[in-house]
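What follows is a single structure, written as structure tokens, with notes after it.
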Amino acid sequence: MSPAADDPRTSMRRKRLALAVAVTAAATLWAALQPEVPVPAPELRDRASAATSARISSPGATPLKPAASAPAWPEPSPPRSDWPAAPAHAVAAWTPMAAAPAALAPRPSAIASAADKPVEAPAFPYTLIGRLDDGEARALLAGPTRSFGVKASDVIDGQWRVDAVPPRGLALTWLPGGIKKTLALAPS
């Protein structure tokens with residue numbers, strides 16, 4: 001259950017929260033506007049405390065000597081030594097290679113055999129499920145996520161162009177390779 005907006009306890013809580021935010025903002029602003037007080041060096045602090053203790057003591061008494069205490073600031077640590085040199089195999093991973101190693105470079109015979117091999121069109125991603133003729137022949141295609149109809153000159157998925165829709169199939173061209181392919185309608 002949430003308290004109603006017109007509940008007097010809710011308005012009192014809001015007032016208290018607003019007051020707390022205002023006090024916090026004022027305290028933060030006040031602290032930010034205070035001048036920084038320099039901290040004296042340890043030897044000056046010791047002289048100042050000795051002078052203060054001498055003034056506080058009575059005129060007839062001997063002045064108190066400051067008690068030995070731990071230094072107010074820790075001594076600076078000795079400078080650190082340099083990092084040890086990284087092993088060569090670790091540095092090599094971060095530097096660019098000048099040239100590909102011979103083991104990774106493609107062999108000229110592999111390049112020539114790839115160029116001699118004819119390019120084949122990939123499998124057509126849809127199944128020809130039917131034909132519709134309502135003045136213009138259309139092929140009906142089904143895929144894993146959709147079914148649709150296409151006519152001549154339509155482009156499917158930016159990869160396949162429909163060249164023609166003959167009575168028993170579909171003539172296609174795979175655009176990246178310019179390879180023609182024909183799909184036959186399955187006999188019923």
>> Considering only residues that are exposed (fewer than 10 other Cβ atoms within 10 Å of the Cβ) and part of a loop (DSSP other than H, G, I, E, B), which ones fall in the stretch 121-138?
In response: ALA123, ASP134, GLY135, GLU136
> Quick one: which of PRO118, PRO74 is within 21 Å of TRP160 (Cβ to Cβ), modelled with pLDDT under 75 and of a type outside the set (S, T, N, Q)?
Replying inline: PRO118
>> Taking the conditions exactly as written (aliphatic (A, V, I, L, M) and at pLDDT 90 or above), does LEU104 satisfy them or not?
In response: no
> Which residues, counting only those in the stretch 142-158, are closer than 21 Å to GLY178 by Cα and open to solvent by less than 80 Å² (accessible area, probe 1.4 Å)?
Replying inline: VAL150, LYS151, ALA152, ASP154, ILE156, GLY158
> Can you name every residue in the stretch 167-177 that is open to solvent by 50 Å² or more (accessible area, probe 1.4 Å) and either touching a helix residue (DSSP H, G or I) at 6+ places or on another chain (Cβ under 6 Å) or modelled with pLDDT under 90 (or both)?
Replying inline: PRO167, ARG168, PRO176
>> Among (1) part of a strand (DSSP E or B); (2) modelled with pLDDT of 90 or more, there is one condition ALA152 misses while meeting the rest; what is its number?
In response: (1)
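The values are calculated or read from the model by the stated rules, or taken from the named source; none is laboratory data. Source: prediction; values computed, not measured. No Cβ is skipped: glycine too gets one built from the backbone with ideal geometry, and neighbour counts run over all protein chains shown. Quick note on the areas: whole protein, heavy atoms, side chains included, nothing else; ligands and nucleic acids left out. Shrake-Rupley method; radii C 1.70, N 1.55, O 1.52, S 1.80 Å.
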